[in-house]
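**Student:** I have a structure I would like to understand better, so I am pasting it below and will then ask my questions one at a time.
The values are calculated or read from the model by the stated rules, or taken from the named source; none is laboratory data. This structure is a prediction, so every number in the text was calculated from the model and none was measured. Cβ coordinates were reconstructed from backbone atoms using ideal geometry, including for glycine residues, and neighbour counts include every protein chain displayed.
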């Protein structure tokens with residue numbers, strides 16, 4: 001099983017990352033929509049939506065929102081919030097989903113770069129372009145790999161809900177690799193995250209290949225300018241040709 005399918009469907013993933021909060025998500029969405037206004041009832045896709053916190057907020061703002069994720073557990077949780085303008089589906093982002101359908105596609109919180117083969121990243125971007133209407137917007141919220149690698153914390157311990165997570169990080173063949181080991185209920189667990197450390201020029205080149213024009217790059221959720229050595233995030237906004 002691929003690492004993300006195994007890890008993201010685990011209860012421990014949500015325990016370790018429980019610090020992610022709705023306020024941060026809403027702040028980012030508000031800034032994006034203030035900068036790139038959308039008509040009420042615009043169609044939006046939250047690609048790799050997790051438990052749906054971004055999708056739910058977008059639907060409350062009057063948009064027609066679809067959230068998709070590979071994790072069956074996450075979609076089962078998100079589905080309790082479904083209504084006429086909010087729907088959730090289990091879906092692999094490497095596969096195409098609804099041709100020329102969405103005004104905006106969001107990909108939040110470094111939910112790109114997970115795959116072991118470059119062709120799979122291209123398939124993902126091809127699918128994003130396929131799903132957008134002409135002139136539709138793609139917003140990818142990605143890590144700033146340059147800063148992440150430069151400031152890599154090689155070893156870390158986190159105590160959450162009486163579980164001690166032992167975390168190690170390294171850079172291995174263009175991937176930032178994070179290993180997570182812990183014990184709970186008398187059992188030992190080990191998970192691994194592997195994210196391709198894409199640079200801006202690499203993603204921009206892939207965008208062009210798949211009919212996407214890079215409009216702007218931001219360095220954080222306040223949409224401050226992107227600074228390769230300093231920015232916390234690399235937030236890309238592109239438009240389908």
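**Student:** Under the condition of being over 26 Å from residue 212 (Cβ atoms) and free of Cβ contacts under 8 Å to residues at least 24 places away in the same chain, which residue from the stretch 76-105 is surrounded by the fewest Cβ atoms within 10 Å (Cβ to Cβ)?
**Tutor:** 84
**Student:** Moving on. Test residue 185 against the criterion of being free of Cβ contacts under 8 Å to residues at least 12 places away in the same chain and either surrounded by 14 or more Cβ atoms within 10 Å (Cβ to Cβ) or over 20 Å from residue 111 (Cα atoms) (or both), and give yes or no. Even if it seems obvious, please write down each step before you answer.
**Tutor:** Numbers: free of Cβ contacts under 8 Å to residues at least 12 places away in the same chain: yes; either surrounded by 14 or more Cβ atoms within 10 Å (Cβ to Cβ) or over 20 Å from residue 111 (Cα atoms) (or both): yes.
Yes; evaluated as a whole, the condition is true for this residue.
**Student:** Here's another thing I want to ask about it. Taking the criterion of being over 20 Å from residue 113 (Cα atoms), more than 15 Å from the chain's Cα centre (by Cα) and free of Cβ contacts under 8 Å to residues at least 24 places away in the same chain, would at least one residue in the stretch 42-58 satisfy it?
**Tutor:** Checked against the condition, which is being over 20 Å from residue 113 (Cα atoms), more than 15 Å from the chain's Cα centre (by Cα) and free of Cβ contacts under 8 Å to residues at least 24 places away in the same chain, the stretch 42-58 yields no hits at all.
**Student:** So which residues in the stretch 17-52 are surrounded by fewer than 20 Cβ atoms within 10 Å (Cβ to Cβ), in contact with a strand residue (DSSP E or B) (Cβ under 6 Å, 6 or more places away or on another chain) and closer than 23 Å to residue 4 by Cα, if there are any at all?
**Tutor:** Scanning the stretch 17-52 gives no hits.
**Student:** Go through the residues of the stretch 218-233 one by one and say whether even a single one is outside any loop (DSSP other than H, G, I, E, B), touching a residue at least 24 places away in the same chain (Cβ under 8 Å) and in contact with a strand residue (DSSP E or B) (Cβ under 9 Å, 6 or more places away or on another chain).
**Tutor:** At the first step, the residues of the stretch 218-233 found to be outside any loop (DSSP other than H, G, I, E, B) are 218, 225, 233.
Now restrict to residues that are touching a residue at least 24 places away in the same chain (Cβ under 8 Å): 233.
Applying the additional criterion that residues be in contact with a strand residue (DSSP E or B) (Cβ under 9 Å, 6 or more places away or on another chain) yields 233.
Checked against the condition, which is being outside any loop (DSSP other than H, G, I, E, B), touching a residue at least 24 places away in the same chain (Cβ under 8 Å) and in contact with a strand residue (DSSP E or B) (Cβ under 9 Å, 6 or more places away or on another chain), the stretch 218-233 yields at least one hit.
**Student:** Also, quick follow-up: Which of the following residues is under 18 Å from residue 141 (Cβ atoms) and touching a helix residue (DSSP H, G or I) at 6+ places or on another chain (Cβ under 8 Å): 99, 55? Full working, then the answer.
**Tutor:** Values: 99 fails: under 18 Å from residue 141 (Cβ atoms).
Testing whether each residue is under 18 Å from residue 141 (Cβ atoms) and touching a helix residue (DSSP H, G or I) at 6+ places or on another chain (Cβ under 8 Å) leaves just 55.
**Student:** While we're here: Of the numbered conditions (1) in contact with a strand residue (DSSP E or B) (Cβ under 8 Å, 6 or more places away or on another chain); (2) within 24 Å of residue 135 (Cα to Cα); (3) not in a helix (DSSP H, G or I), residue 62 satisfies every one except a single condition; which is it?
**Tutor:** Looking at each condition in turn, residue 62 falls short on (1).
**Student:** Only one residue in 160, 146 is in contact with a helix residue (DSSP H, G or I) (Cβ under 6 Å, 6 or more places away or on another chain) and touching a residue at least 60 places away in the same chain (Cβ under 8 Å). Which one? Working first, answer last.
**Tutor:** On the way: 146 fails: in contact with a helix residue (DSSP H, G or I) (Cβ under 6 Å, 6 or more places away or on another chain).
That would be 160, the only listed residue that is in contact with a helix residue (DSSP H, G or I) (Cβ under 6 Å, 6 or more places away or on another chain) and touching a residue at least 60 places away in the same chain (Cβ under 8 Å).
**Student:** Going by the structure shown, is residue 139 over 30 Å from residue 26 (Cβ atoms), within 18 Å of the chain's Cα centre (by Cα) and either modelled with pLDDT of 95 or more or crowded, with 19+ Cβ neighbours inside 10 Å (or both)? Quick ask: steps written out before the conclusion?
**Tutor:** On the way: over 30 Å from residue 26 (Cβ atoms): no; within 18 Å of the chain's Cα centre (by Cα): yes; either modelled with pLDDT of 95 or more or crowded, with 19+ Cβ neighbours inside 10 Å (or both): yes.
Criteria not met by residue 139.
**Student:** Looking for something within 22 Å of residue 178 (Cβ to Cβ) and either at pLDDT below 95 or part of a helix (DSSP H, G or I) (or both) - is there at least one such residue anywhere in the stretch 83-103?
**Tutor:** Within the stretch 83-103, not a single residue is within 22 Å of residue 178 (Cβ to Cβ) and either at pLDDT below 95 or part of a helix (DSSP H, G or I) (or both).
**Student:** Does the stretch 219-239 hold any residues that are exposed (fewer than 14 other Cβ atoms within 10 Å of the Cβ) and farther than 18 Å from residue 146 by Cα, and which are they?
**Tutor:** 222
**Student:** Now for a separate question. Only one of 78, 25 is under 17 Å from the mean Cα position of the chain (by Cα), more than 26 Å from residue 217 (Cα to Cα) and part of a helix (DSSP H, G or I). Can you tell me which? Steps first, answer last, please.
**Tutor:** Numbers: 25 fails: more than 26 Å from residue 217 (Cα to Cα).
The conditions single out 78.
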